[in-house]
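One structure is given below, encoded as structure tokens.
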Amino acid sequence: MKKLLLILTAAAAAIVAPSAHSAQAWTVKGSSGDRAFVVVQKAQEADATALIQAAQAVCKPDRACLVQFWTDAALAPTTMPMSPAQQAGVVAQYARNPSTGQEQLLLKCRGGEPQVQRCLK
């Protein structure tokens, strides 16, 4: 009976507890116009899917936007202009222009990446 109770308790906790995928792994640190400054977890700095999902959640529907990402919250600005250190700390950038239908995610150049066509420098 105790074993069944432990199994049911563990199952209930798994259902109630948020999964790692459902937890928001980013925070908006600041913004300036249609530009947002977002801090992400280090593990997500090159995760295109996670970065695009965060950017799409931050961007206003049907509006042009630019979202820049940092892993170091101390470097992420709250407004413009950015210092050289803040600019150097950008790990990714997402841009969307609904007028042209263009959407682009650039990741920070790390060197040695095969077949990277465009990246942040």
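The values are calculated or read from the model by the stated rules, or taken from the named source; none is laboratory data. Note that the coordinates shown come from a computational prediction; the quantities given were computed from them, not determined experimentally. Note that we place each Cβ from the backbone using ideal geometry, even for glycine, and neighbour counts take in every protein chain shown.
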TODO: Starting from the stretch 38-57, take each residue that is closer than 10 Å to residue 25 by Cβ and list its partners that are among the hydrophobic types (A, V, I, L, M, F, W, C) and loosely packed, with under 13 Cβ neighbours inside 10 Å, counting only C-beta distances under 9 angstrom and pairs at least six apart or across chains.
DONE: 39/73; 50/43
TODO: Kindly provide the set of residues from the stretch 21-45 that are aliphatic (A, V, I, L, M) and surrounded by 15 or more Cβ atoms within 10 Å (Cβ to Cβ), ordered by number.
DONE: 25, 28, 36, 38, 39, 40
TODO: Check whether at least one residue in the stretch 72-91 is within 12 Å of residue 26 (Cα to Cα) and assigned to a strand (DSSP E or B), and report yes or no.
DONE: no
- [ ] Starting from the stretch 78-98, take each residue that is within 18 Å of residue 53 (Cβ to Cβ) and list its partners that are hydroxyl-bearing (Ser, Thr, Tyr) and surrounded by 14 or more Cβ atoms within 10 Å (Cβ to Cβ), counting only C-beta distances under 9 angstrom and pairs at least six apart or across chains.
- [x] 91/71
Open item on the list: Among the listed residues 54, 92, 85, identify the single one that is over 16 Å from the mean Cα position of the chain (by Cα) and at pLDDT 95 or above.
Closed with: 85
TODO: Would you confirm whether any residue within the stretch 48-56 is of a type outside the set (S, T, N, Q) and assigned to a loop (DSSP other than H, G, I, E, B)?
DONE: no
